[in-house]
1. With the checklist (1) in contact with a Ser or Thr (Cβ under 8 Å, 6 or more places away or on another chain); (2) modelled with pLDDT under 95; (3) of a type outside the set (Val, Ile, Thr); (4) crowded, with 22+ Cβ neighbours inside 10 Å in hand, flag the one item residue A:145 doesn't pass.
2. Restricting attention to segment B:105-124, and to residues there that are out of contact with any strand residue (DSSP E or B) (no Cβ under 9 Å at 6 or more places or on another chain), more than 7 Å from chain A (Cβ to nearest Cβ) and crowded, with 23+ Cβ neighbours inside 10 Å, which single residue is nearest to residue A:210 (Cα to Cα)?
3. Restricting to segment B:217-259, name every residue that is touching a strand residue (DSSP E or B) at 6+ places or on another chain (Cβ under 8 Å) and of a type in the set (Lys, Arg).
4. For residue A:193, are the conditions met, namely being farther than 30 Å from residue A:167 by Cβ, within 12 Å of chain B (Cβ to nearest Cβ), modelled with pLDDT under 95 and surrounded by fewer than 24 Cβ atoms within 10 Å (Cβ to Cβ)?
5. Under the condition of being at pLDDT below 85, assigned to a loop (DSSP other than H, G, I, E, B) and among the hydrophobic types (A, V, I, L, M, F, W, C), which residue from segment B:153-193 is surrounded by the fewest Cβ atoms within 10 Å (Cβ to Cβ)?
6. Looking at (1) touching a residue at least 12 places away in the same chain (Cβ under 8 Å); (2) over 25 Å from residue A:108 (Cα atoms); (3) not polar (S, T, N, Q), which one does residue A:231 not meet, given that it meets all the others?
7. Given the structure, is residue A:214 away from chain B (no Cβ under 14 Å) and surrounded by fewer than 24 Cβ atoms within 10 Å (Cβ to Cβ)?
8. At least 1 residues that are more than 20 Å from residue B:228 (Cβ to Cβ) and in contact (Cβ under 8 Å) with a residue 40 or more places away in the chain in each: list the strands (runs of 3 or more DSSP E) lying fully within segment B:19-129 that qualify.
Amino acid sequence: MATYTERQSGSWLADLVSEHAQVLSIALFFLLCLAFFSAMNPNFLTSGNLLNVVRQAAPILIVAVAMTLVIATSGIDLSVGSMVALINATVAIVIAAGVSWPIAIMLMLLMGALIGGVQGWFISYQGIPAFIVTLAGLSILRGAALFMTEGYSIPIRDAGGFFWLGRGEIVGLPVPALLAVLVAVLGFVVMRRTTYGRQVISVGSNMEAARRVGMPARRVLASVYVVAGIACAVAAILLAARLGSGSSNAAQGFELQVIAAVVLGGTALQGGKASMLGTVLGTMTIAVIGNGLILMHISPFFTQIVTGTIILVAIWMNTRLFDRRWRLGKRKTA
Amino acid sequence: MSAAALAQPHDSAAADVVPILSLHDIHKTFGSHQALRGVDLDIRPGECLGLIGDNAAGKSTLSKVIAGTYVPDEGAIKVDGRPAHYTNPLEARELNIEMVYQDLALCNHIDVVGNLFLGRELKRGPFLDQKRMLAEADRMLAALEIRIPRLTAKVENLSGGQRQAIAIARAASFQPRVLIMDEPTSALAVAEVEAVLELINRVKAKGVAVVLITHRMQDLFRVCDRIAVMYEGTKVAERMIEDTNLQELVDLVVGKGGH
């Protein structure tokens, strides 16, 4: 006689843990970094230093949020560092030319969107791999910045409100950091709760399926590069406002920090997956490591080595460990 | 096209009904490969049309033309007797033409609910209305007797049969007028196949036109009213189900029907 029984469903906690394994592991890594550096240097955990860390992390975080969207579509944007440099230089030139700073900011946001739109058009409508288009962008945009400034730093004068964006504080918290948090929250809500976020994930997961169910797949794919361009403009403005000048040499190696932050946070390069919380934790980890190494009086050049190593290890863990759908604890036998 | 002349539409009572969808002389070429060489096909309300043929006979290409995924190089499509020019799946969807693709067209990284509502998410203000979508999805799947334990599970974690069931539920649940199913039962278990065949009979009764592509010949005789046979990019025969039998269909598919 056959007896029919229903399969037991496992604990929802195990499901939750395995689904968020990557965010949990980066959170753990972040806490380890915090513990390590506070043990190595008593100045690390002071509020002054921590505020400094978040102020410096702000531009990275803003662009990393946009990069999360780009990578979720299985694309990449290598041009972000050059774009920040170009807009950083341009905003200084524009303000030096007598344009009032609020208008200059508007123009810069438009410029970022436009540059991102051109790259997005090549990638989405012309089918050129994102890697190639943005690698060309990396060279062209930095070149344009150098050409415009001839390599000199351009000072910004008499723009108090503008400087406040980079140096100001609201109830003791740095304005750039607050802006970055705002951007991260916005990114989180958009990816989790809106149709646009759903479209970005769909395009990254299965572009043809997205097209077949009637999503504007190409437009969505192009749009993430526009978002990245705007984010670069915001980051460039914050940098210019903090340093009080614009320079074609700004944001060297910025793209690496941003990409490292995103992949460290568990957003898969294969697309279809985005973790905003992971990106925030990844950015903070990168920022803390950079800051901690300096406090330990280790050569600043060493941070580059660490950043590169983190990218490699993060991607390695991404492909080797997490794709296998490993579970914490033992699988229950039925 | 001489091949088109070979087709003998056994027009009976159905001939009086205006077809929901009418294809005329559809051509589609991919590079040097002539996928479709002049296909005529009428699809009538409340009728299930079985589309059979060997591999690469053009069944899937034809169904994708109907669904708007491919735009034919030549030929005309009429919807309700009026010329229709849809150039993408969205426009076809707006004409209530839905399709279950052979590759399912699901997003593996998105959960079950998200896939069911892919492309027509329910919203509350600017945000996705997850609660209402969950409730609706529950109802959609229950109506098709599909059992999926957790609707918030990612599709990549489901079995092939469950994925196929989701693709079918997605196409069948939004009041289609034409429902195209490309190999919908290939990965399904016994009970699920029965549910799909039942579903076809149920939507037929509501006046939906169903196009069924399948290799399971025995299923054809359970749900179809008419069979169209494709061979090398043309329609070589059309039979009412009561006028034919399994052997004849097999002969037609392999190209022995031309005497």
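The values are calculated or read from the model by the stated rules, or taken from the named source; none is laboratory data. If you're wondering where the values come from, they're calculated on a predicted model, not measured in any experiment. Methodologically, a virtual Cβ is constructed for each residue, glycine included, from the backbone with ideal geometry; neighbour enumeration extends over all protein chains shown.
1. Of everything listed in (1) in contact with a Ser or Thr (Cβ under 8 Å, 6 or more places away or on another chain); (2) modelled with pLDDT under 95; (3) of a type outside the set (Val, Ile, Thr); (4) crowded, with 22+ Cβ neighbours inside 10 Å, residue A:145 misses just condition (2).
2. B:115
3. The initial filter retains those residues of segment B:217-259 that are touching a strand residue (DSSP E or B) at 6+ places or on another chain (Cβ under 8 Å), namely B:217, B:219-220, B:223-241, B:244, B:248-249, B:252-253, B:255, B:257-258.
Within segment B:217-259, B:226, B:235, B:239 meet the criteria.
4. Details: farther than 30 Å from residue A:167 by Cβ: yes; within 12 Å of chain B (Cβ to nearest Cβ): yes; modelled with pLDDT under 95: yes; surrounded by fewer than 24 Cβ atoms within 10 Å (Cβ to Cβ): yes.
It is true that residue A:193 is farther than 30 Å from residue A:167 by Cβ, within 12 Å of chain B (Cβ to nearest Cβ), modelled with pLDDT under 95 and surrounded by fewer than 24 Cβ atoms within 10 Å (Cβ to Cβ).
5. B:189
6. So the condition that residue A:231 fails would be (2).
7. Values: away from chain B (no Cβ under 14 Å): no; surrounded by fewer than 24 Cβ atoms within 10 Å (Cβ to Cβ): yes.
In short, no.
8. Details: elements: B:21-30, B:33-43, B:48-53, B:74-79, B:97-100.
Where strands (runs of 3 or more DSSP E) fall fully within segment B:19-129 and carry at least 1 residues being more than 20 Å from residue B:228 (Cβ to Cβ) and in contact (Cβ under 8 Å) with a residue 40 or more places away in the chain, they are B:21-30.
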